[in-house]
Amino acid sequence: MGQHVTHWIGGKTWDGKAGRTGRLHDPATGEVTGEVDFAGTTEVDLAVEGAAAAGAQWSASSLAQRSQVLFGFRQLLVERRGELAASISAEHGKTLADADGEVARGLEVVELACGISHLLKGDFSEGVSRGVDTYSLRQPLGVVCGITPFNFPVMVPLWMFPLAVACGNAFVLKPSEKDPSASLLLAEAAADAGLPPGVLQVVHGDAGAVDALLDHPGVAAVSFVGSTPVARHVAQRAAAAGKRVQALGGAKNHMVVLPDADLEAAADAAVSAGFGSAGERCMAISVVVAVGGVGDALVAKIAERMGSLRVGPASDPDAEMGPLITSEHRDRVAGYLDSAPAEGARLVVDGRRHEPTVPGRGYFLGPSLLDGVGPQMAAYRDEIFGPVLSVVRVDDLEEALELVNANPYGNGAALFTNDGAAARRFQHEVTAGMVGINVAIPVPVATFPFGGWKQSLFGDTHVYGTDGVRFYTRNKVVTARWPGPRGGERSGVQLGFPGR
Ligand code: NAD
C-alpha cells in the first residue's frame with residue numbers, strides 16, 4: 001500500500017515494529033498514497049534517551065564545528081530544494097512555486113543559525129566591584145522538542161531545529177501526521193551534513209506522541225506551532241511538567257483598508273494573502289476591513305481578480321491555488337458559505353462553483369468572498385483556515401482598531417494607506433505580534449522573531465531571530481575575582497552584603 005513513512009532515530013530509519021499507523025492522502029486526487037507509523041511512549045522514550053546521549057557530546061562541540069555542519073546542511077538544502085518542494089506539494093497539495101517559497105523562507109533560518117558564534121556571545125562587565133568582573137554565558141537546555149503543523153512541513157521545522165542544535169541542544173521533531181515525509185528529507189540532509197546521529201530525531205504520530213513528549217522528564221523545552229486549542233493544551237501540559245514552552249496558535253488576520261489607500265494594490269494584496277496556499281497559512285488574510293466608503297469599490301476589485309484564479313493540482317504548472325488538506329476540512333470550510341448568508345452576510349463569490357483544472361475526487365474548493373460580515377457571525381469568529389475572505393465594513397480607523405483589538409487572535413494585522421500618521425497610530429495601537437504597513441503578509445525575515453499576541457501565542461518568546469536563541473539556551477552569569485596585584489584587597493570575613 002504505497003509508501004511507508006517511519007521514525008528517524010539514531011541517524012537512520014527506525015526498523016522497529018509500529019503499533020498504530022495513519023493513512024497518507026494525495027489531496028489533489030483523494031487517493032491513499034501510503035501510511036505513517038504513530039509513535040507511542042516506547043518510541044518516544046527511545047528517541048529522547050538517544051537524543052540525551054548524543055546531545056551530551058554535541059553540546060561539547062565547538063561553535064566552529066556546529067557552524068560547519070550548518071553551512072553543509074544549508075548547501076544540501078539548496079541542492080535538494082526541488083526534491084523538498086515536490087515532497088511538500090505531494091502531501092500538502094500546495095503549488096510547486098509556493099512549496100519552493102516555503103523552502104526559501106526556511107533556508108533563511110538555517111542561514112541565521114550558521115552565524116551561531118555571533119548569536120551566542122555573552123556580555124562582559126569589567127570591574128563591577130574592585131577586582132571583580134561579571135559575565136554571562138548562554139548554555140543549551142539539553143533535549144528540546146518541536147511539534148509542527150501540516151501547513152508548512154518544511155518551513156516550521158526549520159524555524160526550530162537549526163537554531164536549537166546550533167545552540168548545542170539535541171532536538172526531537174514531531175511533524176504533522178498529515179504530511180510527514182518532508183521532515184525525513186530534512187533529517188537525512190542534516191545527517192549527510194555531519195550532524196551526529198541522535199542529535200536530530202524524528203518521531204511521527206498524533207496526540208499520543210505529543211503527550212508522551214510533553215510528559216517526558218528528559219525533555220527540557222517544547223516549541224509548538226498549530227491551532228489555538230492544541231497550543232493551549234501543549235502550553236499548559238508542558239508547563240505543568242516544568243518545561244519551558246512556546247506554543248504558537250491560530251490566527252484571524254485583518255487587513256484594514258483606509259479610503260486613501262491605493263485600492264488596486266490593496267485588492268491585489270487581499271487576493272494574494274487571502275487565497276495563497278488556499279488560505280491555509282497562519283499569516284493569511286481572512287478579514288478585510290473596509291473603512292469609510294471604500295467597501296463597494298474594494299469588493300468589486302477583489303471579486304474581479306478572484307474570477308481568473310486558476311485552481312488545480314501541483315502537477316499543473318499554471319495552477320495558482322491547490323486543494324485543501326483533507327475532505328473533512330474542505331467540507332467544514334464550505335460550511336461557512338451556507339452559515340454566513342444565513343446569518344446575514346452576502347456571498348459575493350461562491351468557491352463551490354469554481355471548477356479545478358482537473359475533475360476528480362481532490363479536496364478542491366475555489367476562492368470565496370463574503371461581504372457585510374459582522375463580528376457575531378461564525379465566519380468572523382472562527383479561524384476558517386481556507387479560501388474564504390470576509391469583508392467587514394466600518395466607519396473609521398478608530399472603529400477598525402476596536403474591531404481588530406477585540407478579536408481574541410493576534411497573529412498579524414495589516415493596514416493599507418497613504419497616510420503616515422495613520423500608519424504610525426495603527427502600528428502602535430494594534431494588538432498583534434506582526435504588523436504590515438502596505439504589506440499583507442508581514443512575515444518577518446529570520447533576523448527578527450516571529451510570533452503573535454493574545455490567543456495566537458502561549459509562552460514568553462517568539463520563534464527564531466534572537467528570541468529563538470534565548471528560548472533554546474539558559475543564562476548563566478559568572479562573577480569572578482582573581483586575587484593578585486590589581487585584584488583588590490582581601491575583604492576578610494564580612495557577613496553583610498558588600499557595599500559599593
Ligand atoms: P493542529 O493543532 O491540528 O496540529 C498541530 C500539531 O499538533 C500536529 O503535529 C498534530 O499532530 C498535533 N496535535 C493535533 N491534535 C492534538 C492534540 N489533541 N493533542 C496533542 N497534539 C495534537 O494544527 P494543524 O491543523 O496541523 O495546523 C493548522 C493550524 O496551525 C492553524 O490553526 C494555523 O493557524 C496554525 N499555525 C499557526 C502558525 C503560527 O505561527 N502561529 C503557523 C502555522 C500554522
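The values are calculated or read from the model by the stated rules, or taken from the named source; none is laboratory data. Keep in mind that this is a model prediction, so the values were computed, not measured. Cβ: placed from backbone, ideal geometry, glycine included. Neighbour counts: every protein chain shown. With ligands, DNA and RNA removed, areas are computed over all heavy atoms of the protein, side chains included. Shrake-Rupley method; radii C 1.70, N 1.55, O 1.52, S 1.80 Å.
Based on DSSP H runs of at least 4 residues, each adding -39500 (n - 2.57), what is the mean residue ellipticity at 222 nm of the chain after dividing by all its residues, to the nearest 500 deg cm²/dmol?
Calculated at 222 nm, the ellipticity per residue is -11500 deg cm²/dmol.
Please compute the per residue accessible area over the stretch 253-437 with all protein chains in place, 1.4 Å probe, rounded to a whole number of Å².
On the way: 7060 Å² over 185 residues.
Each residue of the stretch 253-437 exposes 38 Å² on average to a 1.4 Å probe.
What is the stretch 253-437's relative contact order, in percent, from Cα pairs under 8 angstrom and six or more apart in sequence?
Value for the stretch 253-437: 28 percent.
Applying a 10 Å radius around every beta-carbon, put 457-463, 180-186, 371-377 in order of their mean neighbour count, most first.
Final packing ranking: 180-186, 457-463, 371-377.
Lysines within cross-link reach of Lys121: Cα-Cα under 28 Å, excluding same-chain residues under 8 positions apart?
Lys243, Lys476
Percent antiparallel among DSSP beta bridges with both residues in the stretch 341-497, to the nearest 5?
Roughly 45 percent of the DSSP beta bridges within the stretch 341-497 come out antiparallel.
Which cross-chain or sequence-distant (5 or more) residues have an amide H under 5 Å from the amide H of Val288, H modelled 1.01 Å from N in plane?
Met255, Ser390, Val391, Val392
How much of the DSSP bridge set in the chain is antiparallel, in percent, rounded to the nearest 5?
Numbers: 30 of 72 bridges.
Around 40 percent antiparallel, to the nearest 5.
Heavy-atom accessible area of Tyr380 with all protein chains present, probe 1.4 Å, nearest 10 Å²?
10
Given a 1.4 Å probe and the protein chains all in place, what does the accessible area of Thr148 round to, in Å² to the nearest 10?
Answer for Thr148: close to 10 Å² accessible.
Taking Lys17 as the anchor, which lysines have their alpha carbon closer than 27 Å to its alpha carbon, excluding any fewer than eight residues away along the same chain?
Those lysines meeting the cut-off are Lys174, Lys178.
Taking the convex hull of the alpha carbon atoms in the stretch 253-437, what volume per residue do you get, in Å³?
Dividing the Cα hull volume of the stretch 253-437 by its residue count gives 106 Å³.
Give me the percent relative contact order of the chain, please, defined on Cα pairs under 8 angstrom at least 6 residues apart.
Dividing the mean separation by the residue count of the chain yields 18 percent.
Report for the stretch 253-437 the percent antiparallel among DSSP-assigned beta bridges with both residues inside it, nearest 5.
10
Which value, in debye to the nearest 20, describes the size of the charge dipole of the stretch 253-437 about its Cα centre when Lys and Arg Cβ atoms bear +1, Asp and Glu Cβ atoms bear -1, and nothing else is charged?
Here the stretch 253-437 has a charge dipole of around 460 debye.
Mind jotting down the distance between the C-alpha centroids of the stretch 213-237 and the stretch 303-319, whole Å?
For the stretch 303-319 versus the stretch 213-237, the Cα centre distance is 37 Å.
On a straight-distance basis, which lysines could pair with Lys301 in a cross-link, Cα separation under 27 angstrom, same-chain partners fewer than 8 positions away excluded?
Of all the lysines, those that pass the test against Lys301 - Cα under 27 Å, at least 8 places apart if same chain - are Lys94, Lys252.
When the accessible area of the stretch 129-285 is computed with all protein chains present and a 1.4 Å probe, what percentage of it is carbon and sulfur?
Solvent-exposed carbon and sulfur of the stretch 129-285 make up 56 percent of the total.
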